[in-house]
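Heads up, the thing below is written out as structure tokens.
What follows draws every value from the coordinates through simple rules; no lab data is involved. Just so it is clear, the model here is predicted, and its values are computed rather than measured. Cβ placement follows ideal geometry from the backbone for every residue including glycine, while neighbour counts extend to all protein chains displayed.
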Amino acid sequence: MNFVALKMLTGDRAKYLGLIFTIAFCTFLLQNQTSIFSGILKRTGSQIADVSDAEIWVMDAKTEYFEQTKALKDTDLTRVRGVDGVEWAVKLFKGSPVARTLDGKFAVSFCLGLDDATLTGAPRKMLLGSWERLREPDAVVIDHAGYVLLFPGEPLQLDRTIELNDHKANIVGISDASAPFVSWPVMHTRYSQAVNFVGRERTQLSYVLVRPQLGIDARELCRRIEAQTGLRARTSGQFRWDCIRYYLKNTGIPVNFGITIAIALIVGIVVAGQTFYLFTVENLKQFGAIKAIGVTHWRLIGMILLQAFTVGIIGFSIGTGMAAEFFNFFGQKLATRGIILMWQSVALTGGCMVLVMVLASILSLRRVLVLEPAIVFRG
Amino acid sequence: MSAKMIPAVQCRDLRKDFGEGTTQVQVLRGVNFDAAQGQLTFLVGPSGCGKTTLVSVIAGLLDSSGGEVELFNQNVEQFSARERILFRRKNLGFVYQQYNLLPALTSAENAAVPLLAAGVRRRAAVDQAKAVLVKLGMEERLDTLPSKLSGGQQQRVALARALVHEPRLILCDEPTAALDHATGEAVMDLLAGNAVHPDRAVIVVTHDTRVFHYADAIAHMDDGRIVKTESRRPITTPEVLDGVATFA
């Protein structure tokens, strides 16, 4: 009877395609919105993720996310180094100078000042040039998106001169740094140079980057640093989640995306569920005839579930394909780089679609199972 | 009448009510009705007299409110719901006024549905259905969808569906009502020629007086009761000789 169920499903081509389109569209919308939402939130910790050398970030006790820095005292670096279990600790500066090209185009940028001696935190993914050249005078590495922003339409080229807060800087490398939350150029330079670009203040140290000794658990070391220095110490993973939580709590992003996701889910449940339900209701006489012939309830349940999951799987597959193609296309654009179709989003949407089809099946089954097969004798 | 009737259907004091209290309607008011194997029994009467309800109760599609129904000497009302479904699947065939064919299935596939429901593999079921359709003169329309068939052709497919699994009882509800006279006669010819069998009873509910001449027996129904019975032809099959066909 599976064959009969599938023929009944596909026989009414318009409704069949309508059901598939509804589920595909709903799947696309859910995957698209959840992935973009996750991708944008992931960006809040991009600069943390790009520092692969250190596992622990030490900051002011009141710091909640990456952008919110309060300068530490220079002695804090020494205090952190003194904590048992610290392999090494280096300083990191974060500032926001204005970058300006010689022809006058300018943009506010992220400027990360790396430890002069070790260059810990330097971008490891380089498109052009070398991060080792950061040791040269006035050297900066700029990210690809920032380069395109400052030099639109021009080929990638090293040794171009820009100004950072009126200080001359020489581009010695173009990196493939992860996209920041806001579309500012990301500059890497030496610590000593970065503080010159931004302008000297009494204290300049934004973060201390720490590597635990071999065998020392990073979380345990964070606890020790906090206990001994009174500063806040977080592992890279914890700090990234801190940033995500901060934006979730303090911005309208979750509300905006949440509304869209909720609407997509409701539209999916209501439209797909109702269309499938109406499809079953319109075929009640056919189901009545099948019941009269002697098809058991279990077989009918199987037939309706088969119909529901056939349209569900086809619609979900098409929707996932559409979402994959969307991210494949927009993932190549600089503004949306790094935002990908996440497997978690596919799994979550798959779960939602199963829920939609189960609900639609239950509603439809109820009508079919209580149907008196004697309906077939009514003209 | 000198032949012995082997009962296929026996209804005794059969009652069926719809609704409750002041809205209760008594549709069957103590029906006594028999139909014999090897006979084409017509159930006739005015609209609303309870013919379709009686057939529905006999088929086990509706529960009675009282009385007894025996099919082939088995009291089907004592069956569980599942047993009743399985009994119906094996022993009953249906022909409806509106054909009730599945629009997405071809003629052969439609006719094969009872076999598919019984678990016969698709190819074998469709082959078997095609053989029955060929007997009914539908060899040119085996792979045609119902929407491309005339009313008479659709009713032939419905007849094939009722016959394909060789049931012991076929219930037909106004099989000629939606057809013109000539087509109705042709369908009744096929029904009489193919469905009537010594081991099978055929009950036809009809208003159509033009086809009464096909009946072996006629039960007249009015106001929820059988009010008159007629035997048109004696039962001549070897198994049913020496006895009297009666309607209670």
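Cα centroid separation, the range A:242-266 to the range A:161-180: 33 Å. The GluC sites (Glu not before Pro) of the range B:1-108 that DSSP puts in a loop, and whose beta carbon has at most 14 other beta carbons within 10 Å, are B:GLU20. Here the Gaussian network model covers chain B, with springs between Cα atoms less than 10 Å apart; of B:HIS207, B:HIS181, B:HIS220, B:HIS181 fluctuates the most. Per-residue mean of foreign Cβ neighbours for B:95-103 is 5 (Cβ atoms of other chains, 10 Å radius). Packing around the peptides A:248-254, A:361-367, taken as the average count of other Cβ atoms within 10 Å per residue, puts them in this order, highest first: A:361-367, A:248-254.
Across the range B:57-64, coupling constants 3J(HN,Hα) worked out from phi with the 6.51/-1.76/1.60 Karplus curve, θ = phi - 60°, read 5, 4, 6, x, 7, 10, 7, 7 Hz, and Gly and Pro carry x.
Which three semi-axes in whole Å describe the equivalent ellipsoid of the protein assembly as shown, each the square root of 5 times a Cα gyration tensor eigenvalue, listed largest first?
Ellipsoid half-lengths, sorted descending, are 86, 24, 18 Å.
Sequence-distant contacts, meaning Cα pairs under 8 Å at least 6 residues apart, place the relative contact order of chain B at 33 percent.
Taken about its Cα centre, the range A:26-116 carries a charge dipole of roughly 400 debye when the Cβ of each Lys and Arg holds +1 and the Cβ of each Asp and Glu holds -1.
Excluding same-chain neighbours fewer than eight residues apart, the lysines reachable from A:LYS285 by a Cα-Cα span under 19 Å are A:LYS7, A:LYS15. Spin-label pair B:ALA182-A:LYS62: with each label point 7 Å from Cα along the Cα-Cβ axis, the two points sit 10.0 nm from one another. Placing dummy labels 7 Å off each Cα toward the beta-carbon, the span from A:LEU127 to A:ARG366 is 5.6 nm.
Centre-to-centre, using Cα atoms only, the range B:97-118 and the range A:309-377 are separated by 31 Å. Ordering A:LEU112, A:LEU156, A:TYR207 by the projection of their Cα atoms onto the charge dipole of the range A:73-230, which places +1 on the Cβ of Lys and Arg and -1 on the Cβ of Asp and Glu, puts A:TYR207 at the extreme positive end.
By the scheme Lys and Arg +1, Asp and Glu -1, what is the net charge of all other residues having a beta-carbon under 12 Å from that of B:MET221? Around B:MET221, the surrounding residues sum to +2.
Taking A:LEU334, A:LEU214, A:LEU150 in turn, the Gaussian network model of chain A (Cα-Cα springs below 10 Å) assigns the largest fluctuation to A:LEU214. Shielding of peptide A:293-303 by partners, expressed as the average count of other chain Cβ atoms within 10 Å per residue Cβ, is 5. For the set A:LYS42/A:LYS73; A:LYS125/A:LYS168; A:LYS42/A:LYS125, the pairs lying more than 22 angstrom apart at their alpha carbons are A:LYS42/A:LYS73; A:LYS125/A:LYS168. Taking each DSSP H run with n ≥ 4 as -39500 (n - 2.57) and averaging over every residue of chain A yields -16500 deg cm²/dmol at 222 nm. Which distance in Å, rounded to a whole number, links the C-alpha centroids of the range A:140-158 and the range B:151-188? The range A:140-158 and the range B:151-188 have Cα centres separated by 81 Å. The relative contact order of chain A, computed from alpha carbon pairs under 8 Å that lie at least 6 residues apart in sequence, is 29 percent. Out of every Cα-Cα pair that chain B contains, those further apart than 32 angstrom amount to 20 percent.
Amide H contacts under 5 Å for B:ASN32: B:ASP13, B:LEU14, B:ILE226, restricted to partners 5 or more places along the chain or on a different chain, H placed in the peptide plane at 1.01 Å from N.
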